[in-house]
Amino acid sequence: METREKIVIIGGGFAGLQLAKTLNNRNKKVILIDKVNHHMFQPLFYQVACGRIEPSNISFPFRKIFQRSRNTQYRMTDVQKIVPEQNKIVTSDAEFHYDKLVIATGCKTNFFGNEIMESVAFGMKNTQEAISIRNHVLLTFEKLIIERSRSDDGNWNIVIVGSGPTGVELAGAFAEMKKDILPRDYPNMNFDNLNIILISATDKPLDTMSREAQDKSELYLKQLGVNFMSGERVTDYDGEIVHTASGKEIPANNVIWAAGVTGNVIEGLNPEILVRNRYKTDRYNRVAGYENIFAIGDIAYMETPKYPHGHPQVANVAINQGKNLGKNILKKSEKDWKEYEYEDRGSMATIGKHRAVVDLPKFKFQGIFAWYFWMFLHLMLILSVRNKIAIFFNWMWSYINKDSSLRLIILPNKKNSTEQ
(Lines give C-alpha, C1' and ligand atoms only; values in the text may rest on other atoms or scores of the structure.)
Protein backbone atom coordinates (compact mmCIF):
# COMPACT_ATOMS: atom_id res chain seq x y z
CA MET A 1 0.00 0.00 0.00
CA GLU A 2 1.34 3.41 -0.99
CA THR A 3 2.28 5.61 1.96
CA ARG A 4 0.67 9.02 1.90
CA GLU A 5 3.00 12.01 1.71
CA LYS A 6 3.21 13.81 5.06
CA ILE A 7 2.81 17.59 4.94
CA VAL A 8 3.55 19.55 8.12
CA ILE A 9 2.26 23.13 8.22
CA ILE A 10 3.58 25.50 10.88
CA GLY A 11 1.06 28.30 11.50
CA GLY A 12 -2.69 28.54 11.03
CA GLY A 13 -3.02 32.12 9.79
CA PHE A 14 -4.52 33.05 6.44
CA ALA A 15 -1.79 31.22 4.47
CA GLY A 16 -1.48 28.07 6.57
CA LEU A 17 -5.22 27.61 6.98
CA GLN A 18 -5.87 28.06 3.27
CA LEU A 19 -3.21 25.48 2.43
CA ALA A 20 -4.66 23.00 4.94
CA LYS A 21 -8.16 23.51 3.52
CA THR A 22 -6.87 22.98 -0.03
CA LEU A 23 -5.25 19.69 1.03
CA ASN A 24 -8.19 18.63 3.21
CA ASN A 25 -9.63 15.18 2.47
CA ARG A 26 -7.09 14.55 -0.28
CA ASN A 27 -4.48 11.81 -0.55
CA LYS A 28 -2.01 13.52 1.79
CA LYS A 29 -1.38 13.31 5.51
CA VAL A 30 -1.55 16.85 6.90
CA ILE A 31 -0.49 18.05 10.35
CA LEU A 32 -1.25 21.67 11.20
CA ILE A 33 0.76 23.04 14.12
CA ASP A 34 0.04 26.29 15.93
CA LYS A 35 0.72 27.54 19.45
CA VAL A 36 -2.89 28.78 19.77
CA ASN A 37 -5.91 26.58 19.06
CA HIS A 38 -7.73 28.91 16.69
CA HIS A 39 -7.48 30.89 13.48
CA MET A 40 -7.83 34.66 13.94
CA PHE A 41 -9.34 37.14 11.50
CA GLN A 42 -6.73 39.86 11.98
CA PRO A 43 -8.37 42.72 9.99
CA LEU A 44 -10.98 43.08 12.77
CA PHE A 45 -8.63 42.97 15.76
CA TYR A 46 -9.05 46.72 16.14
CA GLN A 47 -12.78 46.21 16.80
CA VAL A 48 -11.96 43.77 19.59
CA ALA A 49 -9.53 46.32 21.04
CA CYS A 50 -12.28 48.96 21.02
CA GLY A 51 -14.97 46.71 22.50
CA ARG A 52 -17.11 46.56 19.37
CA ILE A 53 -17.05 42.81 18.83
CA GLU A 54 -16.12 39.82 20.95
CA PRO A 55 -12.91 37.86 20.27
CA SER A 56 -14.96 34.70 19.74
CA ASN A 57 -16.68 36.33 16.74
CA ILE A 58 -13.42 36.47 14.78
CA SER A 59 -11.77 33.32 16.17
CA PHE A 60 -12.27 29.87 14.69
CA PRO A 61 -11.04 26.73 16.54
CA PHE A 62 -8.93 24.51 14.29
CA ARG A 63 -10.52 21.37 15.68
CA LYS A 64 -13.93 22.67 14.71
CA ILE A 65 -12.77 23.62 11.21
CA PHE A 66 -11.32 20.13 10.60
CA GLN A 67 -13.81 18.23 12.73
CA ARG A 68 -14.87 15.95 9.86
CA SER A 69 -11.53 15.77 8.08
CA ARG A 70 -10.19 12.35 7.11
CA ASN A 71 -6.57 13.42 6.72
CA THR A 72 -5.87 16.64 8.64
CA GLN A 73 -4.73 16.69 12.26
CA TYR A 74 -4.09 19.68 14.52
CA ARG A 75 -1.45 19.89 17.24
CA MET A 76 -1.21 22.75 19.73
CA THR A 77 2.47 23.30 20.51
CA ASP A 78 5.24 25.85 20.02
CA VAL A 79 7.80 25.08 17.30
CA GLN A 80 11.32 25.74 18.54
CA LYS A 81 13.61 24.42 15.82
CA ILE A 82 13.73 22.95 12.33
CA VAL A 83 16.23 20.15 11.67
CA PRO A 84 16.26 20.00 7.84
CA GLU A 85 18.90 17.27 7.51
CA GLN A 86 16.62 14.92 9.48
CA ASN A 87 13.33 16.18 7.99
CA LYS A 88 11.94 16.98 11.40
CA ILE A 89 10.84 19.86 13.60
CA VAL A 90 11.30 20.14 17.35
CA THR A 91 8.52 21.63 19.45
CA SER A 92 8.15 22.33 23.16
CA ASP A 93 6.31 18.99 23.53
CA ALA A 94 7.38 16.59 20.78
CA GLU A 95 9.16 16.05 17.48
CA PHE A 96 7.41 15.79 14.11
CA HIS A 97 8.85 14.31 10.93
CA TYR A 98 7.77 15.48 7.49
CA ASP A 99 8.07 14.79 3.79
CA LYS A 100 7.29 18.44 3.01
CA LEU A 101 7.43 21.29 5.52
CA VAL A 102 5.51 24.53 5.02
CA ILE A 103 6.38 27.56 7.16
CA ALA A 104 3.41 29.91 7.53
CA THR A 105 4.33 31.61 10.79
CA GLY A 106 3.41 35.14 9.72
CA CYS A 107 4.66 38.25 11.49
CA LYS A 108 4.80 39.92 14.86
CA THR A 109 4.99 43.57 15.86
CA ASN A 110 8.39 45.11 15.11
CA PHE A 111 9.72 47.28 17.93
CA PHE A 112 13.04 47.66 16.12
CA GLY A 113 15.07 46.18 18.95
CA ASN A 114 13.77 48.49 21.69
CA GLU A 115 13.17 45.99 24.49
CA ILE A 116 11.82 48.54 26.96
CA MET A 117 9.28 49.83 24.44
CA GLU A 118 8.30 46.27 23.59
CA SER A 119 7.57 45.59 27.27
CA VAL A 120 5.35 48.64 27.84
CA ALA A 121 3.68 49.40 24.48
CA PHE A 122 0.92 47.25 23.00
CA GLY A 123 1.15 45.42 19.70
CA MET A 124 -1.94 44.07 17.96
CA LYS A 125 -1.02 40.91 16.08
CA ASN A 126 -3.08 38.35 18.00
CA THR A 127 -6.27 37.97 20.01
CA GLN A 128 -4.51 38.23 23.37
CA GLU A 129 -2.94 41.57 22.46
CA ALA A 130 -6.27 42.98 21.24
CA ILE A 131 -7.94 41.94 24.51
CA SER A 132 -5.05 43.45 26.50
CA ILE A 133 -5.56 46.78 24.73
CA ARG A 134 -9.28 46.71 25.51
CA ASN A 135 -8.64 45.90 29.18
CA HIS A 136 -5.93 48.51 29.59
CA VAL A 137 -7.86 51.35 27.92
CA LEU A 138 -11.09 50.58 29.82
CA LEU A 139 -9.16 50.42 33.10
CA THR A 140 -7.77 53.86 32.27
CA PHE A 141 -11.31 55.26 32.06
CA GLU A 142 -12.15 53.69 35.42
CA LYS A 143 -9.09 55.40 36.91
CA LEU A 144 -10.16 58.72 35.42
CA ILE A 145 -13.61 58.63 37.03
CA ILE A 146 -12.03 58.05 40.45
CA GLU A 147 -9.03 60.35 40.20
CA ARG A 148 -10.62 63.14 38.12
CA SER A 149 -8.37 66.21 37.99
CA ARG A 150 -5.72 64.41 40.06
CA SER A 151 -5.24 61.86 37.32
CA ASP A 152 -1.87 61.38 35.68
CA ASP A 153 -1.61 63.35 32.40
CA GLY A 154 -0.71 60.11 30.63
CA ASN A 155 -4.21 58.74 31.24
CA TRP A 156 -5.67 61.47 29.02
CA ASN A 157 -3.70 60.46 25.93
CA ILE A 158 -4.20 57.42 23.75
CA VAL A 159 -1.24 57.29 21.37
CA ILE A 160 -1.24 55.15 18.23
CA VAL A 161 2.08 54.84 16.40
CA GLY A 162 1.80 54.09 12.69
CA SER A 163 -0.72 55.38 10.14
CA GLY A 164 -1.35 52.28 8.05
CA PRO A 165 -4.83 50.71 7.97
CA THR A 166 -4.52 49.35 11.52
CA GLY A 167 -3.48 52.68 13.02
CA VAL A 168 -6.05 54.70 11.11
CA GLU A 169 -8.90 52.31 11.93
CA LEU A 170 -7.95 52.25 15.62
CA ALA A 171 -7.77 56.04 15.78
CA GLY A 172 -11.20 56.39 14.18
CA ALA A 173 -12.76 53.81 16.49
CA PHE A 174 -11.35 55.39 19.66
CA ALA A 175 -12.43 58.85 18.47
CA GLU A 176 -15.99 57.59 18.03
CA MET A 177 -15.86 55.98 21.46
CA LYS A 178 -14.80 59.33 22.94
CA LYS A 179 -17.65 61.13 21.20
CA ASP A 180 -20.58 58.70 21.43
CA ILE A 181 -19.95 56.14 24.17
CA LEU A 182 -17.79 57.49 27.01
CA PRO A 183 -20.06 60.49 27.82
CA ARG A 184 -22.93 58.02 28.38
CA ASP A 185 -20.86 55.51 30.37
CA TYR A 186 -19.36 58.28 32.52
CA PRO A 187 -22.00 61.07 32.54
CA ASN A 188 -20.18 63.16 35.13
CA MET A 189 -16.90 63.23 33.26
CA ASN A 190 -15.73 65.74 30.67
CA PHE A 191 -13.83 63.89 27.97
CA ASP A 192 -12.86 66.98 26.00
CA ASN A 193 -9.37 66.58 27.43
CA LEU A 194 -9.04 63.01 26.18
CA ASN A 195 -6.69 63.05 23.18
CA ILE A 196 -6.50 60.44 20.44
CA ILE A 197 -3.05 60.95 18.92
CA LEU A 198 -1.94 59.24 15.70
CA ILE A 199 1.79 59.54 15.06
CA SER A 200 2.91 58.99 11.47
CA ALA A 201 6.43 58.89 10.02
CA THR A 202 4.90 59.87 6.66
CA ASP A 203 3.24 63.13 5.66
CA LYS A 204 -0.12 61.48 5.01
CA PRO A 205 -1.97 58.49 6.50
CA LEU A 206 -2.30 55.30 4.44
CA ASP A 207 0.83 56.13 2.43
CA THR A 208 0.60 52.90 0.37
CA MET A 209 -2.83 53.88 -0.98
CA SER A 210 -3.81 56.47 -3.60
CA ARG A 211 -3.43 60.19 -3.03
CA GLU A 212 -7.22 60.52 -2.98
CA ALA A 213 -7.44 57.96 -0.19
CA GLN A 214 -4.67 59.66 1.76
CA ASP A 215 -6.24 63.11 1.55
CA LYS A 216 -9.72 61.85 2.39
CA SER A 217 -8.54 59.74 5.33
CA GLU A 218 -6.66 62.73 6.72
CA LEU A 219 -9.85 64.78 6.44
CA TYR A 220 -11.87 62.07 8.18
CA LEU A 221 -9.37 61.90 11.05
CA LYS A 222 -9.60 65.67 11.45
CA GLN A 223 -13.41 65.55 11.44
CA LEU A 224 -13.32 62.96 14.21
CA GLY A 225 -10.99 65.07 16.32
CA VAL A 226 -7.92 62.85 16.01
CA ASN A 227 -4.62 64.66 16.50
CA PHE A 228 -2.68 63.52 13.43
CA MET A 229 1.05 64.15 13.86
CA SER A 230 2.62 63.79 10.42
CA GLY A 231 6.32 63.41 9.66
CA GLU A 232 7.09 62.33 13.22
CA ARG A 233 9.10 59.28 14.22
CA VAL A 234 8.89 57.77 17.69
CA THR A 235 12.38 57.16 19.07
CA ASP A 236 11.55 55.87 22.55
CA TYR A 237 8.81 55.11 25.05
CA ASP A 238 9.46 54.19 28.67
CA GLY A 239 5.89 53.53 29.78
CA GLU A 240 5.22 57.15 30.70
CA ILE A 241 6.62 59.46 28.00
CA VAL A 242 6.64 59.07 24.21
CA HIS A 243 9.76 60.66 22.69
CA THR A 244 9.88 61.72 19.04
CA ALA A 245 12.77 62.51 16.72
CA SER A 246 11.81 66.19 16.66
CA GLY A 247 12.14 66.41 20.44
CA LYS A 248 8.47 66.26 21.40
CA GLU A 249 7.54 64.52 24.63
CA ILE A 250 3.99 63.16 25.00
CA PRO A 251 2.81 61.73 28.32
CA ALA A 252 0.86 58.54 27.64
CA ASN A 253 -0.09 55.43 29.56
CA ASN A 254 -1.83 53.91 26.54
CA VAL A 255 0.50 53.43 23.57
CA ILE A 256 -0.43 51.09 20.71
CA TRP A 257 2.35 50.21 18.27
CA ALA A 258 1.17 49.73 14.67
CA ALA A 259 4.33 50.94 12.96
CA GLY A 260 5.72 47.80 11.43
CA VAL A 261 6.07 44.03 11.54
CA THR A 262 8.86 41.49 11.41
CA GLY A 263 8.79 37.82 10.50
CA ASN A 264 8.37 34.99 13.00
CA VAL A 265 11.57 33.19 12.02
CA ILE A 266 12.27 29.68 13.32
CA GLU A 267 15.76 28.54 14.26
CA GLY A 268 17.42 25.91 12.10
CA LEU A 269 17.55 27.17 8.52
CA ASN A 270 20.44 28.99 6.86
CA PRO A 271 20.25 32.62 8.08
CA GLU A 272 21.72 33.82 4.77
CA ILE A 273 18.38 33.11 3.02
CA LEU A 274 16.60 35.72 5.16
CA VAL A 275 15.66 38.99 3.48
CA ARG A 276 14.31 41.56 5.95
CA ASN A 277 13.49 38.67 8.30
CA ARG A 278 11.54 36.76 5.64
CA TYR A 279 12.51 33.46 4.00
CA LYS A 280 13.59 33.92 0.40
CA THR A 281 11.64 31.60 -1.89
CA ASP A 282 11.37 30.76 -5.58
CA ARG A 283 8.18 31.31 -7.60
CA TYR A 284 6.73 28.07 -6.17
CA ASN A 285 7.27 29.23 -2.55
CA ARG A 286 10.15 26.77 -2.10
CA VAL A 287 12.67 28.14 0.41
CA ALA A 288 16.04 28.87 -1.21
CA GLY A 289 18.48 26.00 -0.73
CA TYR A 290 15.91 23.43 0.42
CA GLU A 291 14.05 20.95 -1.79
CA ASN A 292 11.15 20.10 0.54
CA ILE A 293 10.73 23.23 2.70
CA PHE A 294 8.33 25.99 1.67
CA ALA A 295 7.29 29.37 3.07
CA ILE A 296 3.99 31.13 2.40
CA GLY A 297 2.29 34.33 3.51
CA ASP A 298 3.94 37.18 5.38
CA ILE A 299 7.03 35.13 6.22
CA ALA A 300 7.81 34.47 2.52
CA TYR A 301 9.96 36.80 0.40
CA MET A 302 9.37 36.15 -3.30
CA GLU A 303 10.77 38.39 -6.03
CA THR A 304 8.74 38.55 -9.26
CA PRO A 305 8.77 40.91 -12.27
CA LYS A 306 5.74 42.75 -10.84
CA TYR A 307 7.11 42.76 -7.32
CA PRO A 308 10.93 42.85 -7.48
CA HIS A 309 11.15 43.71 -3.78
CA GLY A 310 8.73 41.07 -2.55
CA HIS A 311 4.98 40.98 -2.20
CA PRO A 312 3.06 43.18 0.24
CA GLN A 313 2.32 41.49 3.56
CA VAL A 314 -1.46 41.41 3.18
CA ALA A 315 -4.14 38.74 3.57
CA ASN A 316 -4.80 38.32 -0.17
CA VAL A 317 -1.18 37.34 -0.84
CA ALA A 318 -1.22 34.83 2.02
CA ILE A 319 -4.53 33.26 1.00
CA ASN A 320 -3.58 32.89 -2.65
CA GLN A 321 -0.10 31.56 -1.92
CA GLY A 322 -1.71 28.93 0.29
CA LYS A 323 -4.14 27.98 -2.49
CA ASN A 324 -1.46 27.89 -5.18
CA LEU A 325 0.96 25.76 -3.15
CA GLY A 326 -1.84 23.38 -2.19
CA LYS A 327 -2.85 22.88 -5.82
CA ASN A 328 0.79 22.34 -6.80
CA ILE A 329 1.37 19.73 -4.08
CA LEU A 330 -1.69 17.81 -5.28
CA LYS A 331 -0.34 17.54 -8.84
CA LYS A 332 1.37 14.29 -9.85
CA SER A 333 4.51 15.94 -11.18
CA GLU A 334 6.38 19.11 -10.21
CA LYS A 335 6.73 19.76 -13.93
CA ASP A 336 3.06 20.79 -13.84
CA TRP A 337 3.47 23.21 -10.96
CA LYS A 338 2.25 26.76 -11.48
CA GLU A 339 4.32 29.79 -10.50
CA TYR A 340 2.71 32.27 -8.13
CA GLU A 341 2.00 35.88 -9.05
CA TYR A 342 -0.03 38.31 -6.99
CA GLU A 343 -2.88 40.14 -8.63
CA ASP A 344 -3.55 43.29 -6.64
CA ARG A 345 -7.28 43.42 -5.96
CA GLY A 346 -7.09 46.72 -4.16
CA SER A 347 -6.93 47.98 -0.59
CA MET A 348 -9.27 49.72 1.81
CA ALA A 349 -9.61 51.18 5.27
CA THR A 350 -12.45 52.49 7.41
CA ILE A 351 -12.16 55.58 9.59
CA GLY A 352 -15.38 55.60 11.56
CA LYS A 353 -19.05 55.47 10.65
CA HIS A 354 -19.81 56.39 7.00
CA ARG A 355 -16.12 57.10 6.48
CA ALA A 356 -13.97 54.72 4.46
CA VAL A 357 -11.59 54.72 1.51
CA VAL A 358 -11.37 52.03 -1.18
CA ASP A 359 -8.77 51.68 -3.92
CA LEU A 360 -9.68 49.10 -6.56
CA PRO A 361 -7.54 48.37 -9.63
CA LYS A 362 -9.80 50.33 -11.99
CA PHE A 363 -11.47 52.92 -9.79
CA LYS A 364 -11.38 54.54 -6.37
CA PHE A 365 -14.12 55.81 -4.10
CA GLN A 366 -14.57 57.17 -0.59
CA GLY A 367 -17.34 57.98 1.86
CA ILE A 368 -20.52 56.15 2.82
CA PHE A 369 -20.59 53.77 -0.17
CA ALA A 370 -16.98 52.81 0.53
CA TRP A 371 -17.95 52.17 4.16
CA TYR A 372 -20.77 49.79 3.18
CA PHE A 373 -18.44 48.10 0.69
CA TRP A 374 -15.81 47.62 3.44
CA MET A 375 -18.40 46.11 5.81
CA PHE A 376 -19.84 43.75 3.19
CA LEU A 377 -16.44 42.45 2.07
CA HIS A 378 -15.16 41.83 5.59
CA LEU A 379 -18.42 40.12 6.57
CA MET A 380 -18.14 37.78 3.59
CA LEU A 381 -14.57 36.85 4.55
CA ILE A 382 -15.65 35.65 8.02
CA LEU A 383 -15.52 31.84 8.05
CA SER A 384 -18.70 30.63 9.75
CA VAL A 385 -22.35 31.61 9.28
CA ARG A 386 -22.79 31.92 13.05
CA ASN A 387 -19.95 34.41 13.29
CA LYS A 388 -21.24 36.38 10.28
CA ILE A 389 -24.63 36.74 11.99
CA ALA A 390 -23.08 37.71 15.34
CA ILE A 391 -20.86 40.39 13.79
CA PHE A 392 -23.67 41.70 11.60
CA PHE A 393 -25.96 42.01 14.65
CA ASN A 394 -23.26 43.85 16.63
CA TRP A 395 -22.59 46.21 13.75
CA MET A 396 -26.29 46.97 13.24
CA TRP A 397 -26.82 47.53 16.96
CA SER A 398 -23.86 49.93 17.05
CA TYR A 399 -25.10 51.64 13.88
CA ILE A 400 -28.55 52.31 15.33
CA ASN A 401 -27.60 53.08 18.93
CA LYS A 402 -24.01 54.35 18.53
CA ASP A 403 -23.17 51.94 21.31
CA SER A 404 -22.22 48.35 22.14
CA SER A 405 -22.49 46.22 25.26
CA LEU A 406 -19.10 44.55 24.95
CA ARG A 407 -16.95 46.75 27.16
CA LEU A 408 -16.00 43.96 29.56
CA ILE A 409 -12.80 44.14 31.58
CA ILE A 410 -11.70 40.53 31.92
CA LEU A 411 -8.36 40.09 33.65
CA PRO A 412 -6.53 36.82 34.38
CA ASN A 413 -7.02 35.40 37.83
CA LYS A 414 -3.72 35.75 39.69
CA LYS A 415 -3.63 32.99 42.27
CA ASN A 416 -1.45 33.27 45.32
CA SER A 417 1.60 31.03 44.88
CA THR A 418 1.14 29.77 48.45
CA GLU A 419 -2.30 28.36 47.71
CA GLN A 420 -2.50 24.57 47.74
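The values are calculated or read from the model by the stated rules, or taken from the named source; none is laboratory data. Since this is a predicted model, take the numbers as computed values, not measurements. Reconstructed Cβ throughout: ideal geometry from the backbone, glycine too, with neighbour counts over all protein chains shown. The area values use the complete protein model at the heavy-atom level, side chains included, leaving out ligands, DNA and RNA. Shrake-Rupley method; radii C 1.70, N 1.55, O 1.52, S 1.80 Å.
So here's what we get for this one:
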{"read-out": "Distance between modelled label sites at Glu272 and Ala245, nm, 7 Å Cα→Cβ extension", "value": "3.3"}
{"read-out": "Descending principal axes extents, the chain, alpha-carbon based, whole Å", "value": "75, 65, 45"}
{"read-out": "Spatially proximal aspartates and glutamates relative to Lys179 (Cα-Cα < 20 Å; intrachain offsets below 8 disregarded)", "value": "Glu142, Asp153, Glu169, Asp192, Glu218, Asp403"}
{"read-out": "Paramagnetic label zone (point 7 Å from Cα along Cα-to-C-beta, Lys35; backbone N under 12 Å) in the stretch 50-89", "value": "77-81"}
{"read-out": "Distance (nanometres) between label positions extended 7 Å along Cα→Cβ at Asn195 and Glu142", "value": "2.6"}
{"read-out": "Mean accessible surface per residue for the stretch 1-108, computed with a 1.4 Å probe while every protein chain stays in place, in Å²", "value": "44"}
{"read-out": "Centre separation in Å (Cα based) which lies between the stretch 15-35 and the stretch 168-212", "value": "40"}
{"read-out": "Pairwise label distance in nanometres, Ile389 with Asn25, each label 7 Å out on the Cα-Cβ vector", "value": "2.3"}
{"read-out": "The chain, dipole about Cα centre (Lys/Arg Cβ +1, Asp/Glu Cβ -1), debye to the nearest 20", "value": "1860"}
{"read-out": "Cα-based shape type of the stretch 1-139, given that a ≥ b ≥ c are square roots of the gyration tensor eigenvalues and the cut on a/c is 1.5", "value": "oblate"}
{"read-out": "Angle in degrees between helix 385-401 and the longest Cα principal axis of the chain, rounded to the nearest 10", "value": "10"}
{"read-out": "Loop-located chymotrypsin sites (Phe, Trp or Tyr not before Pro) in the stretch 59-158, at most 15 other Cβ atoms within 10 Å (DSSP)", "value": "Phe112"}
{"read-out": "Highest to lowest packing among 166-173, 323-330, scored as the average C-beta count within 10 Å", "value": "166-173, 323-330"}
{"read-out": "³J(HN,Hα), Karplus 6.51/-1.76/1.60, whole Hz, each residue of the stretch 284-300, x for Gly, Pro", "value": "9, 6, 7, 5, 4, x, 10, 6, 10, 10, 10, 9, 9, x, 4, 7, 9"}
{"read-out": "DSSP bridge orientation in the chain - percent antiparallel, rounded to nearest 5", "value": "45"}
{"read-out": "Leading residue at positive end of dipole, the stretch 298-381 (Cβ point charges), from Ile299, Val317, Gly352", "value": "Gly352"}
{"read-out": "Crossing angle, helix 315-330 versus the chain [Cα axis fit, 0-90 degrees, rounded to tens]", "value": "10"}
{"read-out": "Added length on full extension, which subtracts the Cα-Cα distance from 0.36 nm per residue, Lys402 to Asn316", "value": "27.8 nm"}
{"read-out": "Solvent-accessible area per residue, Å², over the stretch 111-238 with all protein chains present [probe radius 1.4 Å]", "value": "46"}
{"read-out": "nm² value of the averaged projected area, convex hull over the Cα atoms of the stretch 130-198", "value": "4.5"}
{"read-out": "Length gained when the stretch Glu339-Ser149 is fully extended (0.36 nm per residue, less Cα-Cα span)", "value": "62.2 nm"}
{"read-out": "With eigenvalues of the C-alpha gyration tensor scaled by 5 and rooted, the stretch 144-273, Å", "value": "29, 20, 14"}
{"read-out": "Table column - 3J(HN,Hα) (Hz), the stretch 201-212, Karplus curve with 6.51, -1.76, 1.60, x for Gly and Pro", "value": "6, 9, 6, 10, x, 6, 5, 8, 9, 5, 4, 4"}
{"read-out": "The stretch 314-420 - convex hull of alpha carbons, volume per residue in Å³", "value": "225"}
{"read-out": "Formal net charge of residues neighbouring Glu176 (Cβ-Cβ distance under 9 Å; K, R +1; D, E -1)", "value": "+3"}
{"read-out": "Percent accessible area from carbon and sulfur atoms, the chain, protein chains only, probe 1.4 Å", "value": "50"}
{"read-out": "Vicinal HN-Hα couplings computed from phi for the stretch 233-243 (Karplus, 6.51 cos²θ - 1.76 cosθ + 1.60; Hz; Gly/Pro x)", "value": "10, 6, 9, 6, 8, 10, x, 10, 10, 8, 9"}
{"read-out": "Candidate lysines - alpha carbon under 28 Å from Lys81, same-chain residues fewer than 8 apart omitted", "value": "Lys6, Lys21, Lys28, Lys29, Lys35, Lys64, Lys100, Lys108, Lys125, Lys280, Lys323, Lys327"}
{"read-out": "Accessible surface, per residue, of the stretch 273-387 when the full set of protein chains is kept, probe 1.4 Å, Å²", "value": "50"}
